[in-house]
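Here is the structure we will look at.
The values are calculated or read from the model by the stated rules, or taken from the named source; none is laboratory data. Predicted model only: the values in this text are computed from it and were never measured. Don't worry about glycine lacking a Cβ; one is built from the backbone with ideal geometry, like all the others, and counts go over all protein chains shown. Areas reflect the complete protein model, heavy atoms only, side chains present, ligands, DNA and RNA absent. Shrake-Rupley method; radii C 1.70, N 1.55, O 1.52, S 1.80 Å.
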Amino acid sequence: MIIIKTSRYNIFMQTEDKNWLVYNLISEGLAILSPGEYLLVKNILEKNNESSTDSNTKELEEALIKGRFLIEDYIDEVKILRTKYLKNKYNQSCLHLTIFPTLECNFNCIYCYQNQLSKNFGYNSKGKMPDEVKEAIIEYLRKAAYTTEQLIIDWFGVEPLLEIDSIVEMSMEIKELCEDNSCEYQAFITTNGFLLTPEISAKLKRSGVIGLMITIDGPPEVHNRNRPLKSGDGTFDTIIDNIKKSIDYFQNINLRINVDQSNISNLENLLLILKENNLNQKKIRLVQHSLIIKDTTSQNKQNNV
């Protein structure tokens with residue numbers, strides 16, 4: 001008999017409509033529970049290995065095991081996390097590098113960490129990457145390419161597209177040194193999407209960028225409140241239009257939604273807007289690994305929107 005225990009990395013949060021979210025930090029399993037299901041799940045997790053003969057309860061138990069909310073007793077989750085960390089730390093076959101071409105932004109998001117860094121620590125978030133830093137990065141990658149089989153670059157920022165010329169310039173050098181050393185090259189970019197015109201998208205494609213991460217926090221009234229321009233103007237319509245016009249330049253576009261109690265009830269409206277704009281295709285994906293318990297009507301909303 002396999003002994004089951006509760007994962008130590010389950011997190012519960014109640015929503016405004018009194019439903020519950022449960023999330024596992026290791027498996028990234030996500031479950032949406034009604035109040036009644038929440039009580040049943042809590043009871044199952046607290047009883048651990050006491051198996052039930054009730055068919056509905058057994059169905060929930062199986063879903064909890066699938067999402068790794070319940071795990072086998074012999075599993076050491078701390079060792080799993082440590083192993084993942086060490087594997088990534090010492091893996092020389094793949095080098096994954098995040099580059100910030102600028103620390104400036106054209107948005108004034110209500111939750112931006114920059115404001116707090118500037119206010120509390122005097123952190124300077126102005127200016128673009130100096131030329132000497134660019135040269136040092138290229139030199140580092142030139143040496144790393146000798147022993148690395150795959151190089152993955154994440155262009156980050158605060159808003160990296162403010163420095164699209166620097167991205168193109170550095171990318172051309174990086175691609176060349178990878179070709180010279182038979183090193184596979186891939187690039188991705190995290191952007192707010194406001195500057196993602198077809199012209200910019202074409203430059204990114206030439207630079208080797210195959211995928212994007214764009215944040216949309218809900219339908220227009222929610223997103224524009226959370227993520228306005230510094231002038232205060234909304235950004236939702238421009239971002240949606242840019243995605244529609246640029247989608248063919250990339251292999252995939254991931255949409256990240258920062259969920260809190262103020263917008264969780266509006267997510268279905270966002271899905272409808274994406275569908276109306278023909279953005280419910282396989283190339284467009286929500287950034288989540290979901291386990292929806294006892295909600296078969298929502299199964300098609302997982303991963304692909």
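Just a few scattered comments:
- The stretch 152-282 has equivalent-ellipsoid semi-axes of 29, 15, 13 Å, by the square roots of 5 times the alpha carbon gyration tensor eigenvalues, sorted largest first.
- Accessible solvent surface per residue of the stretch 150-300, calculated while the other protein chains remain in place, 1.4 angstrom probe, Å²: 46 Å²
- Estimated FRET transfer efficiency when R0 is 30 angstrom, pair ASP237-VAL287 (beta carbons, to 0.05): 0.90
- For the stretch 1-100, the alpha-carbon coordinates run over 50, 40, 17 Å along the three principal axes, in decreasing order.
- Charge-dipole axis of the stretch 155-208 as Lys and Arg at +1 and Asp and Glu at -1 on Cβ define it, positive-most pick from GLN186, MET172, PRO198: PRO198
- ASP165/LYS5 FRET efficiency (R0 51 Å; Cβ-Cβ; nearest 0.05): 0.40
- Over the chain: helical MRE at 222 nm, DSSP H runs n ≥ 4 each giving -39500 (n - 2.57), nearest 500: -11500 deg cm²/dmol
- For the stretch 238-290, a crude dipole built from +1 on the beta carbon of Lys and Arg and -1 on the beta carbon of Asp and Glu, taken about the Cα centre, is about 240 debye to the nearest 20.
- Eligible lysines near LYS5 by straight Cα distance, threshold 23 Å, same-chain separation 8 or greater: LYS42, LYS47, LYS58, LYS66, LYS79, LYS84, LYS294
- Linear extension gain, LEU229 paired with ASN108, 0.36 nm per residue minus alpha-carbon span: 43.0 nm
- Within straight-line reach of LYS244, meaning a Cα separation under 26 Å, sit the following lysines at least 8 residues removed in sequence or on another chain: LYS203, LYS205, LYS230, LYS275, LYS282, LYS283, LYS301.
- Separation in nanometres of the label points that stand 7 Å from Cα toward Cβ, at TYR140 and LEU39: 5.5 nm
- Pairwise label distance in nanometres, GLU28 with ASN56, each label 7 Å out on the Cα-Cβ vector: 3.2 nm
- Inter-label distance, nm, simple model (7 Å from Cα along the C-beta direction), ASP180/GLU72: 4.9 nm
- Share antiparallel - DSSP beta bridges, the stretch 74-222, percent rounded to 5: 5 percent
- Using alpha carbons only: equivalent-ellipsoid semi-axes of the chain, gyration tensor based, whole Å: 38, 26, 18
- Were the residues from SER262 through SER93 laid out at 0.36 nm apart, the gain over their Cα-Cα distance would be 56.6 nm.
- Fully extended contour minus Cα-Cα distance, from GLN14 to VAL133, at 0.36 nm per residue: 38.3 nm
- Peptides ranked, highest mean first, by Cβ atoms within 10 Å: ranges 151-162, 173-184: 151-162, 173-184
- Debye, to nearest 20: dipole size of the chain, +1 on Lys, Arg Cβ, -1 on Asp, Glu Cβ: 280 debye
- Surface composition of the chain: carbon plus sulfur atoms contribute 50% of the solvent-accessible area (1.4 Å probe, protein chains only, all chains present).
- Averaging the sequence gap over all C-alpha pairs within less than 8 Å and six or more residues apart, then dividing by the number of residues, gives the stretch 1-88 a relative contact order of 35 percent.
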